[in-house]
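> Encoded as structure tokens, here's the structure I'll be asking about.
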Amino acid sequence: MTRPLFDVAKEGLVLRVRVQPGAGSSAVVGLHGDALKVRVAAPPVSGRANDALLELLARALGVPVSALTVSAGVTGRDKRVLVTGLDDVELARRLEVAVSGDAPGARSRGARTARRGGRPGPRGG
């Protein structure tokens, strides 16, 4: 990653996230400009997508859900998530792993084929 996906604040680190709610599955899928892009299966109803987002990020970053709070963008796709308990160097390292597809909750390139029982799709993947 060339530019950090987060800002340093008094309370902790503020991660920029772009969320696609109501997706087929929940996963960290990469970057969206200067934000982390994630898909969550939960619909954007009664805060369910936000809860699913925090659970996914906790798993991908290896932190408890209690270390994460949606600090801005509660009703939008572009969110700010406050991360506590990690310093900037460690968060950057864990984000690098999450984006590379090696973290729990991150989608690997083979995930689509594996879900289909190993059969390639109509376009070969």
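> Under 8 Å between Cβ atoms, at least 6 apart or on separate chains: pull out the pairs that start in region 84-95 with a residue that is closer than 13 Å to residue 58 by Cβ and touching a residue at least 24 places away in the same chain (Cβ under 8 Å) and end on any residue that is among the aliphatic types (A, V, I, L, M) and assigned to a loop (DSSP other than H, G, I, E, B).
Taking only residues 6 or more apart or on different chains, the pairs are 85/63; 86/63; 94/86; 94/103.
> Those residues that are small (Gly, Ala, Ser), out of contact with any strand residue (DSSP E or B) (no Cβ under 6 Å at 6 or more places or on another chain) and closer than 18 Å to residue 23 by Cα, I need them from region 45-100; list them, please.
Once the filter is applied, which keeps residues that are small (Gly, Ala, Ser), out of contact with any strand residue (DSSP E or B) (no Cβ under 6 Å at 6 or more places or on another chain) and closer than 18 Å to residue 23 by Cα, region 45-100 yields 46, 47, 49, 52, 76.
> Can I ask one more? Tell me yes or no: at least one residue of region 56-76 is assigned to a strand (DSSP E or B), touching a Lys or Arg at 6+ places or on another chain (Cβ under 8 Å) and aliphatic (A, V, I, L, M).
Our first condition is that a residue be assigned to a strand (DSSP E or B); within region 56-76, this holds for 68-72.
Next, from what is left, pick out any that are touching a Lys or Arg at 6+ places or on another chain (Cβ under 8 Å): 70-72.
When the remaining residues are screened for being aliphatic (A, V, I, L, M), the result is 70, 72.
Checked region 56-76: at least one residue is assigned to a strand (DSSP E or B), touching a Lys or Arg at 6+ places or on another chain (Cβ under 8 Å) and aliphatic (A, V, I, L, M).
> Let me ask you something else. Which residues, counting only those in region 1-46, are touching a residue at least 60 places away in the same chain (Cβ under 8 Å), small (Gly, Ala, Ser) and part of a strand (DSSP E or B)?
27, 30
> Determine if region 115-124 includes at least one residue that is in a helix (DSSP H, G or I), at pLDDT below 95 and either among the basic types (Lys, Arg) or surrounded by 13 or more Cβ atoms within 10 Å (Cβ to Cβ) (or both). Give the steps one after another, and end with the answer.
In the first step, residues of region 115-124 are kept if they are in a helix (DSSP H, G or I); the result is 115.
If we keep only those that are at pLDDT below 95 too, we end up with 115.
Subsequent filtering for residues that are either among the basic types (Lys, Arg) or surrounded by 13 or more Cβ atoms within 10 Å (Cβ to Cβ) (or both) retains 115.
Yes: region 115-124 contains one or more residues that are in a helix (DSSP H, G or I), at pLDDT below 95 and either among the basic types (Lys, Arg) or surrounded by 13 or more Cβ atoms within 10 Å (Cβ to Cβ) (or both).
> Please specify each residue of region 18-55 satisfying the condition of being touching a Pro at 6+ places or on another chain (Cβ under 6 Å), surrounded by 15 or more Cβ atoms within 10 Å (Cβ to Cβ) and over 16 Å from residue 72 (Cα atoms).
Within region 18-55, 21, 40 qualify.
> With 91, 95, 61 as the choices, which residue is more than 12 Å from the chain's Cα centre (by Cα), surrounded by 15 or more Cβ atoms within 10 Å (Cβ to Cβ) and within 16 Å of residue 12 (Cβ to Cβ)? Break it down into steps so the answer makes sense when it comes.
Details: 95 fails: more than 12 Å from the chain's Cα centre (by Cα); 61 fails: more than 12 Å from the chain's Cα centre (by Cα).
Being more than 12 Å from the chain's Cα centre (by Cα), surrounded by 15 or more Cβ atoms within 10 Å (Cβ to Cβ) and within 16 Å of residue 12 (Cβ to Cβ) holds for just one of 91, 95, 61, which is 91.
The values are calculated or read from the model by the stated rules, or taken from the named source; none is laboratory data. Owing to the predicted nature of the structure, the values given are computational and were not obtained by experimental measurement. Using ideal geometry, Cβ is built from the backbone for each residue, glycine included, and neighbour counts are taken over all protein chains shown.
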